[in-house]
1. Out of the range 215-278, which trypsin sites (Lys or Arg not before Pro) are coil in DSSP terms and have no more than 15 other C-beta atoms within 10 Å?
2. Are there any GluC sites (Glu not before Pro) in the range 176-232 that are in a DSSP loop and have at most 10 other Cβ atoms within 10 Å? List them by number.
3. What are the residues whose amide H is under 5 Å from the amide H of Val157, where those residues sit 5 or more places off or on another chain and H is modelled from the backbone?
4. Based on the Kirkwood radius over alpha-carbon pairs, what value in µm²/s does the Stokes-Einstein equation return for the translational diffusion coefficient of the range 77-211 at 4 °C and 1.567 mPa s?
5. Tell me, what ³J(HN,Hα) does each residue in the range 394-406 have, in order and in whole Hz, if you take phi through Karplus 6.51 cos²θ - 1.76 cosθ + 1.60 with θ = phi - 60° and put x for Gly and Pro?
6. Taking amide hydrogens as modeled 1.01 Å from N in the peptide plane, which residues meet the under 5 Å criterion relative to Gly239, leaving out close sequence neighbours?
7. Assuming R0 = 51 Å, can you tell me the calculated FRET efficiency for the pair Ala141 and Ala56, based on Cβ-Cβ distance, to the nearest 0.05?
8. Using modelled backbone amide H atoms (1.01 Å from N, in-plane), which distant-in-sequence or interchain residues come within less than 5 Å of Phe277's amide H?
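Here, each number is a calculation from the coordinates, and none is a lab measurement. All values derive from a computational prediction rather than experimental measurement. Glycine also receives a Cβ, built like all others from the backbone with ideal geometry; neighbour counts cover every protein chain displayed.
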Amino acid sequence: MISMLDNLGKGLSALIKKLVTGTTIDKASVEQLLKDLRRILLQADVDAAMADELIANILKQCLEQKIPAGLTLREHVLKTIYDELVKLLGKAPAKLVDKKRIMFIGLFGSGKTTSIAKLARYYKKKGKRSALVALDYHRPAAPQQLKQLGDQLKVPVHINDSKDPYACAKEGLEKFGKYDIIIFDTAGRNALDKELADELKKLGEIIKPDEVLLTIPADLGKVARKQSEEFNKLVGITGVFVTKMDGTAKAGGALAATSVTGAKVKFIGTGEKLEDFELYNPERFVSRLLGLGDLQTLLEKAKETDMKEETIEKIVEGKFTLTDFYEQIEAMQKMGPMSKVLSMVPGAGMMKLPKGVIEKQEQKMKNYKHIINSMTKEERENPEMINASRIKRVAKGSGRPESDVRELLNQYKQMKKLMRSLGGQAGLKRGAFKNLAKQFGFKL
Ligand SMILES: Nc1nc2c(ncn2[C@@H]2O[C@H](COP(=O)(O)OP(=O)(O)OP(=O)(O)O)[C@@H](O)[C@H]2O)c(=O)[nH]1
Ligand SMILES: [Mg+2]
């Protein structure tokens with residue numbers, strides 16, 4: 001079955017293309033773009049009410065909030081779309097779930113048994129001892145399937161010979177009490193009928209799981225919402241395992257499941273093999289969903305603009321102090337290695353830098369921080385007062401030679417001059433960072 005969700009990735013990437021290549025954007029264009037986004041979400045089988053809520057949030061934020069310095073409106077809209085999607089899907093990559101009893105639930109063929117083996121393999125690599133309990137006595141071959149996977153992983157599997165899932169759950173709890181993790185494989189059905197509902201409810205009461213993972217195939221369409229809601233009522237879902245993400249960028253089902261249950265995506269299955277497993281990572285997941293490769297770059301750029309508005313104002317007014325200088329160095333360091341940072345600066349990729357230059361500059365920045373740290377607050381705010389005797393003291397305090405302190409003060413002075421001369425010019429806010437790089441000897 002080719003789901004309508006097929007359109008999600010394609011549609012979104014067309015929309016993003018619009019965002020990236022369009023020229024000017026005003027309120028009307030934002031609204032138009034969000035109209036497009038709504039259409040894409042609906043085509044992707046996302047529930048209409050949910051799509052509307054998402055759109056309303058994005059619109060509100062795009063129009064009401066100030067665009068962060070350094071981002072264009074287009075980038076701001078894109079970032080906001082990302083943030084809203086992450087709000088639904090979950091933020092942090094799943095930590096190693098230190099849960100003792102994990103129960104997998106999901107419909108027939110959704111990937112429960114395979115995903116259980118993937119998780120057990122993951123735990124094993126982390127040095128955790130896990131054991132599996134076969135509770136699917138609906139499909140005759142199911143316990144044997146789990147057993148085979150367990151054998152492959154050298155992880156014990158408990159099966160009840162009289163095919164009684166309730167007895168089996170109790171036995172498993174007893175038998176594997178000393179293990180770090182016990183994973184329970186429940187039966188699936190074509191639909192969540194009364195029989196399955198009763199079974200899961202009863203099993204939930206026996207197992208008292210610490211974690212209930214719902215497996216949702218990435219291409220599950222509109223039904224995902226209703227299904228997740230029903231499963232959630234029965235046993236209370238704590239996380240979503242999105243399966244079959246390979247070869248598709250669909251995720252409408254996952255969106256619906258997380259939105260309706262509040263449980264977040266924790267794991268991703270990307271193939272039939274046991275190593276085809278990922279911890280959920282919002283950046284990777286959403287960029288896949290949006291069909292956007294360089295989302296990472298954009299997010300880093302957004303972080304880059306974390307520089308305080310206040311600092312920017314000061315720079316523009318020429319009231320730039322060493323405290324601000326320090327903040328800029330910190331902001332740059334937060335962005336990662338300088339080589340990576342520079343690769344984001346237009347044109348910088350073309351630069352031919354002699355070997356070791358970047359490393360040297362990075363070390364210099366570190367030293368500058370030590371030096372500034374050895375100054376008094378007064379000195380940082382009024383660097384002009386730093387005379388020869390103060391230089392001596394600061395050098396001693398920071399463990400750097402006096403020449404380094406002088407060099408820093410010199411850099412600062414030049415930078416201040418440069419910034420003052422550029423002050424008020426359009427583009428300074430975006431260029432401040434670039435200027436800093438330039439000031440440190442990079443010809444951009
Ligand atoms: N391509 C791909 N196939 C997967 C993935 N996860 C599971 N499968 C396949 O999906 C099919 C069903 O997987 P199972 O793990 O048996 O699903 P289940 O939910 O346990 O099914 P029942 O026990 O019948 O309810 C198998 O052929 C798996 O190989 C995945 O991430 N990607
Ligand atoms: Mg199974």
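1. Those satisfying the criteria are Lys273.
2. Within the range 176-232, no GluC sites (Glu not before Pro) qualify (loop, at most 10 other Cβ atoms within 10 Å).
3. Residues meeting the amide H criterion: Leu132.
4. On the way: Rh = 15.8 Å.
The calculation lands on 82 µm²/s.
5. These are the phi-based 3J(HN,Hα) values: 4, 4, 4, x, 9, x, 10, x, 4, 4, 5, 5, 5 Hz.
6. Result for Gly239 returns Val212, Leu214.
7. Values: r = 48 Å, r/R0 = 0.94.
Efficiency, from the Cβ-Cβ distance: 0.60.
8. Counting only residues 5 or more places away or on other chains, the set is Thr270.
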